[in-house]
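A quick write-up on the structure given underneath.
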Amino acid sequence: MRVIKIHHPLNLQLIPAGQTILAMGFFDGVHRGHQAVIKRAKREAQRRHLPLAVLTYNHTPQIVYRRFDRGVHYLTGNRRKFELLAHLGVDLVYEIDFTSDFGAQSPQEFVDAYLVAMHPAAVVAGFDHTYGPKDTATMSLLPKYARRRFDVITVPKMPIGNGKEKVGSTQIKKTIWNGQIEQANASLGYVYQTAGIVVHGFARGRQIGFPTLNIDWPRWCVLPKTGVYVTRVLVNGHWYGGMANIGYDETFGDDADKTLEIFLFNFHHEVYGETVRVNWYQRLRDTVKFNSVAELVAQMKQDEQACQKYLDRHPMTTNK
């Protein structure tokens, strides 16, 4: 899959010749709703014997329009997003830097300067996708701006639960922050994954027989709430089952930042500085302040057994 990075104004020499089917969206998480858009576009591309292209952005467009007092959080960084798009059969990605200048375009200017320039036979997006002001840049108005220069295909809502809500990135973030990992995975359509670098910690796990990987994660990452979780971790090309603890060292009484520590099963290597990937499956319990280290060790043994049972019942499949 080819990725073309674009900064406004568009340099037309970057755009390959020939028609495409073009899917639009930010696609944070590439969840089931996004997958429906990409798959619909893929079917159209196959029907017309054209490559499938995606128009997306380097960060959320909302950065240009409002403050984020608690920071900007994403389900997937761009590298992970591109992996998921490639898995769905995307041939070409246009990654546009969403800046104030780019966002200042009117809907008609955007269509004329960008969409038409990308030679789409058809443009595909979700029912609620906007490409400018939400009242004038809707999918229902896109045919007017297109002026028959390309077809417009709108993909309907992907409902969840009782059908009143849609599968969406905001909804999935909330479920992860609440520790509802299985619910989040159902909405994503795959196992939620984060990545981070193995760094030095206090080495207390090693002292009590549970040596852990201490993971430094990107601050834009949506990390689950504090607690103990069932995970698998990809280290140097190999997946290992493990139990993760997100917490604040309650038992040892440190006034410290939130930490992510993972005890891997049947793993005996030092991998400081390695970037690892973490698959999140299920939340086992809250973090607890134990009265003694002995109580902590006893609970960790129970957690290890619970994690092993879960992983045995859910064998590893190819993760997207």
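The values are calculated or read from the model by the stated rules, or taken from the named source; none is laboratory data. Treat the numbers as computed from the prediction; the structure is a model and nothing was measured. Neighbour counts run over all protein chains shown; Cβ positions are idealised from the backbone, glycine included.
Within the stretch 6-24, take every residue that is crowded, with 21+ Cβ neighbours inside 10 Å and within 24 Å of the chain's Cα centre (by Cα) and give me the one that is nearest to residue 59 (Cα to Cα). Top of the filtered list is 24. Restricting the stretch 148-175 to residues that are charged (D, E, K, R) and modelled with pLDDT under 95 leaves a set whose member that is nearest to residue 19 (Cα to Cα) is 157. Of the conditions (1) modelled with pLDDT under 95; (2) in contact with a Phe, Trp or Tyr (Cβ under 8 Å, 6 or more places away or on another chain); (3) aromatic (Phe, Trp, Tyr), residue 65 satisfies every one except a single condition; which number is it? Unmet for residue 65, out of (1) modelled with pLDDT under 95; (2) in contact with a Phe, Trp or Tyr (Cβ under 8 Å, 6 or more places away or on another chain); (3) aromatic (Phe, Trp, Tyr): (2).
Report every pair of residues separated by at least 6 positions or lying on different chains whose Cβ atoms are under 8 Å apart, first residue within the stretch 210-228 and touching a residue at least 24 places away in the same chain (Cβ under 8 Å), second of a type in the set (Ser, Thr, Tyr) and surrounded by fewer than 21 Cβ atoms within 10 Å (Cβ to Cβ). Short answer, once both residue conditions are applied: 214/259; 220/74; 221/74; 222/74; 226/248; 226/287; 227/287; 228/287.
Taking the stated definitions as given, is residue 256 modelled with pLDDT of 95 or more and among the small types (Gly, Ala, Ser)?
Working: modelled with pLDDT of 95 or more: no; among the small types (Gly, Ala, Ser): yes.
No: the conditions fail for residue 256.
Counting only residues that are basic (Lys, Arg) and not in a helix (DSSP H, G or I), the stretch 67-86 holds 2 of them.
Here's the yes/no breakdown for (1) modelled with pLDDT under 95; (2) hydrophobic (A, V, I, L, M, F, W, C); (3) within 22 Å of the chain's Cα centre (by Cα):
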{"residue": "207", "(1), (2), (3)": "yes, no, no"}
{"residue": "210", "(1), (2), (3)": "yes, yes, no"}
{"residue": "232", "(1), (2), (3)": "no, no, yes"}
{"residue": "241", "(1), (2), (3)": "no, no, yes"}
{"residue": "273", "(1), (2), (3)": "no, no, no"}
{"residue": "278", "(1), (2), (3)": "no, yes, yes"}
{"residue": "289", "(1), (2), (3)": "yes, no, no"}
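The requirement of being crowded, with 20+ Cβ neighbours inside 10 Å, more than 19 Å from residue 57 (Cβ to Cβ) and among the hydrophobic types (A, V, I, L, M, F, W, C) is satisfied by residue 122. Cβ-Cβ distances below 8 Å connect the following pairs, each with a first residue in the stretch 58-83 that is without any contact (Cβ under 8 Å) to a residue 12 or more places away in the chain, a second residue that is exposed (fewer than 11 other Cβ atoms within 10 Å of the Cβ), and a separation of six or more residues or different chains: 62/68. A single member of 30, 64, 3 is surrounded by fewer than 18 Cβ atoms within 10 Å (Cβ to Cβ) and either in contact with an Asp or Glu (Cβ under 9 Å, 6 or more places away or on another chain) or assigned to a loop (DSSP other than H, G, I, E, B) (or both), and it is 3. Residue pairs whose Cβ atoms lie under 7 Å apart, sitting 6 or more positions apart in sequence or on different chains, and linking a residue in the stretch 92-107 that is under 24 Å from residue 17 (Cβ atoms) to a partner that is of a type in the set (A, V, I, L, M) and at pLDDT below 95, do not occur here. Of the residues making up the stretch 125-156, those that are buried (at least 21 other Cβ atoms within 10 Å of the Cβ) and not hydrophobic (A, V, I, L, M, F, W, C) number 3.
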